[in-house]
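Inspection log for the structure reproduced underneath, given as structure tokens.
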Amino acid sequence: MENSKISSISSRRRKRNDEDEEEFFSSGTSSLDCPQHSDAEVPSSQEEFVSSSQKEHKFVQCDGCTMIYRPGIPSEESNHRVYHDKLGKRRHYVDFRGWKEENVLKRFDDGRVISISSEDPKRKSKKIEEIVEIMDEELGYVPSVGAKEEVVFIYVNRNKKIIACAIAEPIHEAFPVVDSKQGEEDSTIRCSKEKTSAICGISRIWVHPNERRKGVASRILDLVRAHFIYGLSISKEKLAFTQPTLDGKQLFSHYSGSVNFLVYNPVN
């Protein structure tokens, strides 16, 4: 009888400990900024099983950038800080008050598109350099060394913010994509070994995260084709892109009307 009673008490303790353990390890933390430590109390029954270091280094998720990391571990805090700041920069709008003399290609209800050639002194302006830097960081693009015959196209909205940017350069050849499928879950592509002629290469194109899926990219690409070479309207079949991100891959397929859009290596 005494053994049965002890067994019953032990069973209840194990059950209570299991419930406490499940609650402890499944609880999450969140805040409007960068959460530090969970506000959840460690169940008393867990204290004898969880070391103090384990309690201090629980995983948390930042609501601002969604990264999961462990506060208190220097390397993880550093990685989170870099990622969080970079993501914040992506969501930052670059102000653009405009210039007295602008090469306005077209005006829309929500803004205008301007082009800046590589010879234009405005190409070295702080605002253009800033938006190009943001674009390059997000796309993982490493600019080649040396002058290039490129043209920068920026989309400025009515609130005087740059919401999109594309950089085009002259090319002579490109390669058709042979096995890309629209909606594929990665940006990996394979190209034909057979070259085809091309006229304009889009070395990179970027749209602010808040302005995507609104036709902004298509508008700016239409204007690139219409104005990149004076007096010549470039067909979509002669337009090529560099290695795309997943979003870029879907954009290029949609814009060109084919999964076999052209890709090329940037001019050095």
Kindly indicate which of 219, 213 is over 23 Å from residue 142 (Cα atoms), surrounded by fewer than 14 Cβ atoms within 10 Å (Cβ to Cβ) and of a type in the set (Lys, Arg). 213
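For residue 234, are the conditions met, namely being open to solvent by less than 40 Å² (accessible area, probe 1.4 Å), assigned to a helix (DSSP H, G or I) and modelled with pLDDT of 95 or more?
On the way: open to solvent by less than 40 Å² (accessible area, probe 1.4 Å): yes; assigned to a helix (DSSP H, G or I): no; modelled with pLDDT of 95 or more: yes.
When the stated conditions are applied, residue 234 does not pass them.
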Quick check on my filter: what residues within the stretch 250-268 are open to solvent by 60 Å² or more (accessible area, probe 1.4 Å), modelled with pLDDT of 90 or more and out of contact with any Pro (no Cβ under 8 Å at 6 or more places or on another chain)? 254, 257
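Looking at the stretch 237-249, which of the residues that are within 13 Å of residue 189 (Cβ to Cβ) and more than 14 Å from the chain's Cα centre (by Cα) is most open to solvent (accessible area, probe 1.4 Å)?
First, the residues of the stretch 237-249 that are within 13 Å of residue 189 (Cβ to Cβ): 240-246, 248-249.
With more than 14 Å from the chain's Cα centre (by Cα) added as a condition, the list becomes 240-243.
Details: 240: 0, 241: 3, 242: 19, 243: 116 Å².
Top of the filtered list is 243.
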How many of the residues making up the stretch 194-216 are within 21 Å of the chain's Cα centre (by Cα) and more than 23 Å from residue 128 (Cβ to Cβ)? 2
Of all residues in the stretch 111-170 being in contact with a Lys or Arg (Cβ under 6 Å, 6 or more places away or on another chain) and without any contact (Cβ under 8 Å) to a residue 40 or more places away in the chain, which is nearest to residue 263 (Cα to Cα)? 167
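The values are calculated or read from the model by the stated rules, or taken from the named source; none is laboratory data. Please read these numbers as outputs of a predicted model, since none were measured by experiment. All Cβ positions, glycine included, derive from the backbone under ideal geometry; neighbour counts span all protein chains shown. Surface accessibility is based on the protein's heavy atoms, side chains included, excluding ligands, DNA and RNA. Shrake-Rupley method; radii C 1.70, N 1.55, O 1.52, S 1.80 Å.
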